[in-house]
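Let me begin by presenting the structure, written as structure tokens, before commenting on it.
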Amino acid sequence: MANGGFALPTLKAIKESRHELAALIAMPIRTKKKGDKAGIPPVRKAVETFLSDTPLFDPENVNSPEGVELVRKLSADVIFICDYGKILSKEVLTLSKYGGLNLHGSLLPKYRGAAPINRSLQAGERELGVSVIFIEPQVDAGPVVKSASYIPSLDDTAVEVEDRLARLGAPRVVEALDEIEEGTIKPLPQRHEQATKAPKLRKEEGRIDWRKSSAEIIDQYRAFQPWPRAYVDWISASNSKETRLILGPFSLNDLHDGAHPLPDDFSSFEPGTVLSASKDGLWVKTGDGALRVVAVQPAGKKLQPAEAFILGYPIKKGDVFK
């Protein structure tokens, strides 16, 4: 049972393994423009390639009597669920011989919930990973059977991390299936007292709080790609006009290299104040220093280098981002 791109490497790995992928259950397509496949979920596109000979079903509600009967008829040994978009009922989980197996985008028990990768980055975690678990009624609380981790680049956003973790988790799922078949699987109960939550993202969380440290703001930008991204309202000191801007990435590595000098009175400015908008870059005061904005996207426009934005818009020192 899968819908999003995080599941694709695992589905491909299962397809190429000794195990039989008996069927794919995906969510129904909600909206679709004629001839436009941009809105089709990634798993649907895979059905046209490496899953072309796999039966596809898309019940409106897999937990309904009709959905239960569908799963029952498949007589599956294991239900693998990943990036599906719906929580399975206890009844559905009892319809396979060995229950349900899930690939989760964090090192459980930390970051249980809908957005583990985003919340891990937002919290500044340096080691990221995946867990393969048996599914239990409590969300992401089942025993862990496999895990893997890596340390991402500090430039990696949630987009790059999700791709890496999906590929990291695929062979672990196949290993778990092998061990289930061989009777050698050794589930390890989670330490529930160490659990943390990873709730779904909200649009308003994309607004930058400049009182935070520079590192925290960079982590926010990395975590909230491709949605809701990092945004501000730019308030011009000359006319108080507000303009919505999407910002990022940011840089702090060149703060003290001499190439981008900051004003002598830099520390006296309030967080969110534009310190420089010139050939020296677009610098903004943060809670513990300053960040250089690398790129800017005005509302309704394309993303552009900050240098190009400065040339085309009347932004200047003393303006405020909030």
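Quick note: the coordinates plus some simple rules give every number you see, no bench work behind them. What you are looking at is a predicted structure, and each value in this text was computed from that prediction instead of being measured. Reconstructed Cβ throughout: ideal geometry from the backbone, glycine too, with neighbour counts over all protein chains shown.
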On a 0 to 90 degree scale, rounded to 10, what angle separates helix 158-182 from the longest Cα axis of the chain? 20
Nearest 10 degrees is fine. How inclined is helix 65-74 to the longest principal axis of the chain, computing both from alpha carbons? 70
Shape call for segment 117-225, from the Cα gyration tensor axes a ≥ b ≥ c (a/c under 1.5 means rounded, otherwise prolate when a/b beats b/c, else oblate), comes out prolate
Taking only the C-alpha atoms, wrap a convex hull around segment 203-321 and report its volume per residue in Å³ as a whole number. 100
Once every Cα of segment 5-194 carries one equal point scatterer and solvent is ignored, give the base-10 log of I(q)/I(0) from the Debye formula at q = 0.15 Å⁻¹, two decimals. -0.95
So what's the back-of-envelope 222 nm ellipticity for the chain, counting only DSSP H runs of four-plus at -39500 (n - 2.57) apiece and dividing by all residues, rounded to 500? -7000 deg cm²/dmol
Can you give the FRET efficiency for residue 184 and residue 148, using 1/(1 + (r/R0)^6), R0 = 25 Å, r = Cβ-Cβ distance, to the nearest 0.05? 0.85
One can check that the equivalent ellipsoid of segment 106-150, built from the alpha-carbon gyration tensor with semi-axes equal to the square roots of five times its eigenvalues, has lengths in Å, largest first, of 19, 13, 6
Would you please classify the overall shape of segment 1-116 from the alpha carbon gyration tensor, given that a ≥ b ≥ c denote the square roots of the eigenvalues, rounded means a/c under 1.5, and beyond that prolate means a/b larger than b/c while oblate covers the rest? rounded
Any chance you could check the Cα centroid distance between segment 274-315 and segment 100-153 for me, in angstrom? 35
Considering only the chain, percent of DSSP beta bridges that pair antiparallel, nearest 5: 80
What spacing in nm lies between the two simple spin-label points modelled at residue 243 and residue 304, each 7 Å away from Cα in the Cβ direction? 0.9
Testing the spin-label approximation: label points 7 Å from Cα along Cα→Cβ at residue 212 and residue 61. State their distance in nm. 3.7
Whole-number percent relative contact order across the chain, with pairs defined as alpha carbons under 8 Å at least 6 apart: 13
